[in-house]
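Heads up: the structure comes next, in structure tokens.
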Amino acid sequence: MLKERSNHAFAYLYDNYSSALYTIILQIVPDQELASDVLQEAFVNIWRKIDSYDQSKGKLFTWLLNVTRNVSIDTVRSKGFQNSQKNQELPETVFVDNSGYVQQDVDKIGLRKVVENLKKEHRSLIDLAYFKGYTHEEIAEIEGLPLGTVKTRIRTALIQLREHLK
């Protein structure tokens, strides 16, 4: 029904997945109002790209998560967002840790708890890539690791996460 672009199917999709996707967006986009806009844009992209979903390649939620994550990262990397963030005060729900990263204290779906099961070397890379939106190249530079090592460790971590979630 989704690929037929049924309004009922998309309403069901939104009702059942929007809160989980919004939580993921908030891990990447620090502003709640902008995060709501990103969620709307993500669902527009989902509507447009639903034909590209292939059930044999993975679960629907994983595909939705990737579409949403990509929209979030595109938003954060846009010049408009970068310019709007200059000289902004940090809201009280946000803190800066010792490494200088801005973090928001949110994890309503328990994904961080699952990530905690990973080895420390994998956990930090997943955190940088999926919760903070860094590219593999940026992670390699931050961590002082070769790019190939970063990619291998992230892939290994994702395989382990998949096993934990089964």
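The values are calculated or read from the model by the stated rules, or taken from the named source; none is laboratory data. Since this is a predicted model, take the numbers as computed values, not measurements. Using ideal geometry, Cβ is built from the backbone for each residue, glycine included, and neighbour counts are taken over all protein chains shown. What goes into the accessible areas is simple: the full protein's heavy atoms, side chains included, and nothing from ligands, DNA or RNA. Shrake-Rupley method; radii C 1.70, N 1.55, O 1.52, S 1.80 Å.
Couple of notes before you dig in:
- Residues that are touching a residue at least 40 places away in the same chain (Cβ under 8 Å) and more than 24 Å from Asp74 (Cα to Cα), drawn from segment 1-37: Leu2, Lys3, Arg5
- Only residues that are outside any loop (DSSP other than H, G, I, E, B) and without any contact (Cβ under 8 Å) to a residue 24 or more places away in the chain were counted across segment 38-59, and they come to 8.
- Check on Ile24, part of a helix (DSSP H, G or I), in contact with a helix residue (DSSP H, G or I) (Cβ under 9 Å, 6 or more places away or on another chain) and closer than 15 Å to Gly133 by Cβ: yes
- Residue match in segment 79-86 (condition: open to solvent by 70 Å² or more (accessible area, probe 1.4 Å), among the basic types (Lys, Arg), modelled with pLDDT of 80 or more and under 20 Å from Gln32 (Cβ atoms)): no
- Any hit, segment 132-154, residues being part of a helix (DSSP H, G or I), exposed (fewer than 15 other Cβ atoms within 10 Å of the Cβ) and at pLDDT below 85: no
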